[in-house]
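**Q** Mind looking over this structure? Questions follow.
FYI, it's all coordinate maths here, none of it is from the lab. Quick caveat: nothing in here was measured; it's all calculated off a predicted structure. As a convention, Cβ positions derive from the backbone with ideal geometry for all residues, glycine included, and neighbour counts pool all protein chains shown.
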There are 2 protein chains.
Amino acid sequence: MASRKDVAREAGVSAASVSYYINNNGYVSAEARKRIQEAIEKLNYSPNQIARSLKIKDSKQFVFLCNEIRNPFYAQLVYRATNAAYEKGYFILFSNVIDDDEYLKRICSYQISGLFASNNKIKKENLEAIVKQGIPVVVLRDVAWSDLDQRIMQIKIDYSNIFHEIAVHLEKGGYRNVHYISGAKSGKPDEVDEKTRNYRNAVGRERSGDITYNITDTKEAFQFVADTYSKEDCPDAFVCSNDAVAIGVVKGVTQLGLRIPEDVGVVGFDNTFQSRFCVPGLTSAEISAEKIGDIAISMLIEKSKGQKVEDYQIVPKLIIRESSSRNDL
Amino acid sequence: MASRKDVAREAGVSAASVSYYINNNGYVSAEARKRIQEAIEKLNYSPNQIARSLKIKDSKQFVFLCNEIRNPFYAQLVYRATNAAYEKGYFILFSNVIDDDEYLKRICSYQISGLFASNNKIKKENLEAIVKQGIPVVVLRDVAWSDLDQRIMQIKIDYSNIFHEIAVHLEKGGYRNVHYISGAKSGKPDEVDEKTRNYRNAVGRERSGDITYNITDTKEAFQFVADTYSKEDCPDAFVCSNDAVAIGVVKGVTQLGLRIPEDVGVVGFDNTFQSRFCVPGLTSAEISAEKIGDIAISMLIEKSKGQKVEDYQIVPKLIIRESSSRNDL
DNA sequence: ATGAAAGCGCTAACAC
DNA sequence: GTGTTAGCGCTTTCAT
């Protein structure tokens, strides 16, 4: 591989001039520009990003710590973020969440430009340790942390209205016995995520018993329904914390011999591809993963330029499909 | 951040000794080890990976170029690869495929340790340019390239039997009019992927007309079925090149007012989570994404150690579920 | 067994 | 405008 030195020699200029040319700072005459340009092409030169990173203490890589890439919501998020980052000159260093100190130290030793994390599997202290090093951090807020370090930027989802909207929608459909399936570990105050907290608020205290905790994927949801209910005692509607879970419920309920939406209504969350192409189509609260991917990247970039960055709010939107529309039949 | 120099000073040894200690080469006395260990802990030191990369010309990052992370098959693959890589001391630099020269140059300038690519969106020449630089390359083979550079390692899927197996299975179910939905751009020789080629071989020449090309995701598949067929003239079985496409077909067929599997049988490919939890459960040819993730990482690592690495063969396995099982009813 | 020193490829302050 | 140079944090050869 040709280095900057080779280019300088070939073009008959100094190494510094090549740097100036590449980074478009400093002064370099039209004459020199041309010769450098030619030398670069001739040698098929490409600047060594590692050497550059070492010098400027920034690798132009953003770390994405995602709960679960196998959940299409995160896949869509990462997909978009990757493209958005590339357009701005960055790459994505991808990681499943492995929440130990060793891991975070290792990844930070790449002099990363910033970090995105969905926050329900990573500890607050670890995030704070990173932001303290001056690395921009954005979290997709899920669990509500108290007194989080102010330097951590947040993308917040405003759940204040959506569960009420869902409740009204189900009621109109004549569903009376609604069960919520939560991804939170338990009902304990410090383990409850924002969705669950808002669901509880929306349905009121008296309905808090109608919640099952700690179900996060399709398989678990299917098992839960299959193991817990029979055709006779199944709730007539389920609200699920993500689409993957909802799909599991659809499958489980169908297996019990019940029909959707005639016997049981199902509502998902995230409006991923899955919900659109589930059979029957799944009613789902849309949170745009693409939007979050884009926003996360621009927040990280702005922050790394030293700009002041405000937290970002997203309001979910209910997309109604067949799985909860008994009235249309 | 503390540097190696700080540690050396704190421990009262030379910088070189710290290096020896960290990399576990060279000699360092028990005495010195202890003092270095203490200094590292006291200063919370972590070696700078970028500086190390520059020196050893290897960043311990593998690039994963995936067709489409939003397809759960690739999501599962990347998920597993990420963990496997981490255990061996590597990270994953993730990219959607952006197949231009500029892009590849930029990513290689990170002195990457290796590259994985699924090969149906990236050009052969580009891969060959990379392997020529001495960077280990593994492809998940899909399109059959002729005279590919020998240094490119391949994970091959042996489709020689699976389509025959599927054909027999459908015939047993009484399905007579089978249509294949291909991901290949067209039927042209240099654009046909391995799956399609083998499907053609399995069903014989006379059935080659029963193929639709250039459909790769759920949405396209749904549109295709909805736009092309009516309840009366729909084929009675579809074989699809991946599960995402199969889901779209299920949805499209259902919308035509036909039932699965009674009226129409559907077979997918890849056996992702989607097929397991589709309603009805989707018959699918299993190719273990997890296995491929693991294998890819170990091939890259072995190659980077200078070992001789053989291509890897995977044989798909038909997983039969409800979507093609008319006889069970 | 340990340390001094050169050098990986780049940036940027400074001198001309 | 352009070149010289120091130095980013690390590895490793060679001398001791």
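**Q** Note down the Stokes-Einstein diffusion coefficient of the stretch A:53-101 in µm²/s, whole number, using a Kirkwood radius over alpha carbon pairs, 25 °C, and 0.890 mPa s.
**A** Estimated via Stokes-Einstein, D reaches 208 µm²/s.
**Q** In whole angstrom, how far apart do the alpha carbon centroids of the stretch A:154-171 and the stretch B:27-58 sit?
**A** The distance from the Cα centre of the stretch A:154-171 to that of the stretch B:27-58 comes to 51 Å.
**Q** Could you list, bin by bin from short to long, the percent of Cα-Cα pairs of the stretch A:76-122 in 5 Å steps?
**A** 5, 17, 28, 25, 17, 8, 0
**Q** Next question, about the same structure. Would you tell me which residue of chain B has the beta carbon closest to the rotation axis bringing chain B onto chain A, and how many whole Å away it is?
**A** B:Phe94, 2
**Q** Distances from A:Pro189 to the same position in the other copies: list them in nm, one decimal, shortest first, using label points 7 Å from Cα along Cα→Cβ.
**A** For A:Pro189, the inter-copy label distances come out at 7.4 nm.
**Q** Looking at the stretch A:1-95, I'd like the Rg to Rh ratio, where Rg is from alpha-carbon atoms and Rh is Kirkwood's inverse mean 1/r.
**A** 1.16
**Q** Further question on the same structure: Once the label point is placed 7 Å from Cα along Cβ, list for B:Asp233 the distances to the corresponding points in the other copies, in nm, shortest first.
**A** Output for B:Asp233: 5.3 nm, nearest copy listed first.
**Q** Here's something else I'd like to know. Give the relative contact order (percent, whole number) for the stretch B:1-90; include only Cα pairs under 8 Å separated by 6+ residues.
**A** Value for the stretch B:1-90: 24 percent.
**Q** Now, a different point. Could you state, as a whole-number percent, how many of the C-alpha pairs of the stretch B:159-285 are farther apart than 21 Å?
**A** Distances greater than 21 Å cover 32 percent of the Cα pairs.
**Q** In Å and from the alpha-carbon atoms only, list the Rg and Dmax of the stretch B:2-46.
**A** Taking only Cα atoms of the stretch B:2-46, I get Rg and Dmax of 8.9, 24 Å.
**Q** Run the paramagnetic zone check for B:Met1: 7 angstrom along Cα to Cβ, then residues of the stretch A:99-130 with backbone nitrogen under 19 Å.
**A** Once the point is set 7 Å along Cα→Cβ of B:Met1, A:100-117, A:126-130 turn out to lie under 19 Å by backbone N, inside the stretch A:99-130.
**Q** What's the magnitude of the charge dipole for the stretch A:33-89 around its Cα centre, counting Lys and Arg as +1 and Asp and Glu as -1 at the beta-carbon? Answer in Debye, nearest 20.
**A** 340 debye
**Q** Between A:Tyr27 and A:Asp99, what FRET efficiency follows from the Cβ-Cβ distance if R0 is 41 Å, with the result rounded to 0.05?
**A** The value I calculate is 0.25.
**Q** Moving to a separate point now. First check a/c for the stretch B:162-219, with a ≥ b ≥ c the square roots of the eigenvalues of its C-alpha gyration tensor; if it is under 1.5, answer rounded, and if not, answer prolate when a/b is larger than b/c or oblate otherwise.
**A** prolate
**Q** Okay, next question. With every atom except the alpha carbons ignored, what do you get for Rg and Dmax of the stretch B:90-167, in angstroms?
**A** 14.2, 48
**Q** Along the charge dipole of the stretch B:34-143, pointing to its positive end and built from +1/-1 on Cβ of Lys, Arg, Asp and Glu, which listed residue (B:Val139, B:Phe94, B:Ser113) has its Cα farthest out?
**A** It is B:Ser113.
**Q** Which FRET efficiency, nearest 0.05, do A:Glu87 and A:Lys55 yield, Cβ-Cβ r, R0 22 Å?
**A** Calculated transfer efficiency: 0.40.
**Q** Taking square-rooted eigenvalues a ≥ b ≥ c of the alpha carbon gyration tensor, is chain A rounded, prolate or oblate, where a/c under 1.5 means rounded and, failing that, a/b exceeding b/c means prolate?
**A** prolate
**Q** Relative contact order, percent, of chain B when contacts are C-alpha pairs under 8 Å separated by at least 6 residues?
**A** 16 percent
**Q** Relative to the other copies, what are the label-point distances for A:Asn126, with labels 7 Å from Cα along the C-beta vector, expressed in nm at one decimal and sorted shortest first?
**A** Relative to the other copies, A:Asn126 has label-point distances of 3.3 nm.
**Q** With +1 on the Cβ of every Lys and Arg and -1 on the Cβ of every Asp and Glu, and nothing else charged, how large is the dipole of the stretch B:2-46 about its Cα centre, in debye rounded to the nearest 20?
**A** 60 debye
**Q** Roughly what would the spin-label model give for A:Lys219 and A:Arg9, points 7 Å off Cα along C-beta, in nm?
**A** In this crude label model, A:Lys219 to A:Arg9 measures out at 5.7 nm.
**Q** For peptide A:75-81, how many partner chain Cβ atoms fall within 10 Å of a residue's Cβ, on average?
**A** Partner Cβ neighbours, averaged per residue: 4.
**Q** Describe numerically, in nm with one decimal, the distance between label points set 7 Å from Cα along Cα→Cβ at B:Gln37 and at B:Asn177.
**A** About 7.6 nm, to one decimal.
**Q** Give the relative contact order (percent, whole number) for the stretch A:221-292; include only Cα pairs under 8 Å separated by 6+ residues.
**A** So the answer I get is 30 percent.
**Q** Looking only at other chains, what is the average number of their beta-carbon atoms within 10 angstrom of each beta-carbon in B:274-285?
**A** 4
**Q** Among A:Gln307, A:Phe224, A:Ser325, whose Cα sits farthest toward the positive end of the charge dipole of the stretch A:189-329 (+1 at Cβ of Lys/Arg, -1 at Cβ of Asp/Glu, about the Cα centre)?
**A** A:Gln307
**Q** Mean shadow of the stretch B:46-200, computed from the convex hull of its alpha carbons, in nm²?
**A** 11.4 nm²
**Q** Tell me, what does the Kirkwood hydrodynamic radius of the protein assembly as shown come to in angstroms if you use every pair of distinct C-alpha atoms?
**A** 27.2 Å is the Kirkwood radius here.
**Q** Using only alpha carbons, build the gyration tensor for the stretch A:233-281 and give me the equivalent ellipsoid semi-axes, biggest first, whole Å.
**A** 17, 11, 8
**Q** Suppose every Lys and Arg Cβ carries +1 and every Asp and Glu Cβ carries -1, with no other charges. What dipole size does the protein assembly as shown come out with about its Cα centre, to the nearest 20 debye?
**A** 2520 debye
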